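Beneath this line is the structure, given in structure tokens, with notes to follow.
Values in this text are rule-based calculations from the coordinates and carry no lab data. All values reported here derive from a predicted model rather than from experimental measurement. Note: ideal-geometry Cβ built from the backbone for every residue, glycine included; neighbour counts use all protein chains shown.
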Amino acid sequence: MTWLALPAWAATVYYLLAIVAAWMMWRRHSCLPRPDSSGRAPGISLLKPIRGRDPRFYEALVSHATQTYPQFEILFGLTDPQDPALPDIRRLQREFPQIPIQVHIIAPPSPNAKVSVLAELARQARHPLLLVNDSDIRVDPGYLEAVAAPLQNPAIGLVTCLYRAHAASWAARAEALGIATEFAPSVLVARLLGVAEFALGSTMVFRAEDLRAIGGFESIGDYLADDYQLGCRITRLGRRIEFSPVVVETNLGAASWRHTWRHQLRWSRTIRVSRPSGYYGYVVTHATLWALVAFVAGDWRSAAAALAVRMLAGLVVGAGILRDRRVLEDAWMIPLRDLFGFATWLAGAFGSEVDWRGQRLKLRADGRIAAANSRS
């Protein structure tokens, strides 16, 4: 074995850890408290910041409105009274009159408009539990019961969820494959190694009293990675973050390669300024790249081991934990997606500007937004 094969073996160990972490998560979820079916479960206020209309948007809204949880309300916040999503929200109000649904038009005072919206929605919420998720998230029946159940334990301060992606183009399918077989394993390995202060924007459920204790959403209004900042602050209260067994679904639509690149680049640069040590340590996870290096160096055994374990971990997490049926169909693309992922990781190591829903945002080294300018 040459020294050029060492990164391939490091990647092999990493993906073996991902398989172990997936098994441990499956075991842990079997021991979580069962949802409260007595009707005494605490009420939940769903806070939904909206900017634009995502693919399958109304379907995502309906999946929330049809939940059977005893007490919940849905609060939508928009910054534009002409937002194209507003007709769908009004339709939801008409079709589900039994659900308390409010719409608020909010002028954002902080650099992160989404957090400004959330701050106002939190002030309007009337239930003790708050739930925040992205506007395009679709959920299954029983979602609210499942994500609220872990908060029966006072040591848990926030519940979050893994997610899979629905895609309608080859570029979007490649991104969805990366979420299922690259990003999700990295989340599991991080928690296995004790890095557990982060939450995912796919779902965040927490107590309103804990939000007040950290200074409200106003305390994170200058940051782009509001989900990461919220998780950090709640764990500083001495509470921990729990992953629900529920897997939700986001929608990537028919994104182009250009859109996918911009999205992945924003993601990379945001992670870099939020957790730089984790970001640069992530270089070891690019198993396909290191397998190619080992193969060129003449160590085909190291190359084969790295690629085989990487493929297996992707299937275990993507098809097993996330129950993403398309992972099996698209598994042949994993090595190609890995090389694309390395390119975005490398580009993300430089630069400070990101594109977020039509805005160019500049990030400081500490993750704060330095400036924001609307694009023409």
### Query
Could you give the distance between the Cα centres of region 234-282 and region 125-139, to the whole Å?
18 Å
### Query
Taking square-rooted eigenvalues a ≥ b ≥ c of the alpha carbon gyration tensor, is region 181-270 rounded, prolate or oblate, where a/c under 1.5 means rounded and, failing that, a/b exceeding b/c means prolate?
prolate
### Query
Which of the DSSP-defined H helices in the chain satisfy a minimum axial length of 15 Å, computed from C-alpha atoms, and a minimum mean Kyte-Doolittle hydropathy of 1.0?
300-315
### Query
Once the convex hull of the C-alpha atoms of the chain is built, how many Å³ does it hold per residue, rounded to a whole number?
133 Å³
### Given charges at Cβ of Lys, Arg, Asp, Glu: the chain dipole, positive-most of 185, 343, 245
343
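Report the charge-dipole magnitude of the chain in Debye, nearest 20, computed about the Cα centre from +1 at each Lys and Arg Cβ and -1 at each Asp and Glu Cβ.
That gives a dipole near 260 debye.
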### Query
Can you give the alpha-carbon Rg of region 41-262 over 2.2 N^0.38 Å, where N counts its residues?
0.98
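Rounded, prolate or oblate: pick one for region 224-376, where a ≥ b ≥ c are the square roots of the eigenvalues of its C-alpha gyration tensor, a/c under 1.5 means rounded, and failing that, prolate if a/b is larger than b/c, else oblate.
Taking the square roots of the gyration eigenvalues as a ≥ b ≥ c, region 224-376 is prolate.
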### Query
In whole angstrom, and with the biggest value first, how far do the Cα coordinates of region 128-192 range along each principal axis?
43, 28, 16
### Query
Tell me, 366, 80 in order of fewest to most beta-carbon neighbours within 10 Å?
366, 80
### Query
Antiparallel DSSP bridges in region 41-262: what percent, to the nearest 5?
25 percent
### Unit charges on C-beta of K, R, D, E only; dipole of region 41-262, Debye
40 debye
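Determine, for 132, 309, the number of other Cβ atoms within 10 Å of each Cβ, and report the residues in order from fewest to most.
309, 132
At a Förster radius of 35 Å, what calculated FRET efficiency corresponds to the Cβ-Cβ distance of residue 350 and residue 195, to the nearest 0.05?
The computed FRET efficiency comes out at 0.90.
Where does the longest stretch of the chain lie that holds no trypsin sites (Lys or Arg not before Pro) found in a DSSP loop with 14 or fewer other Cβ atoms within 10 Å?
127-235
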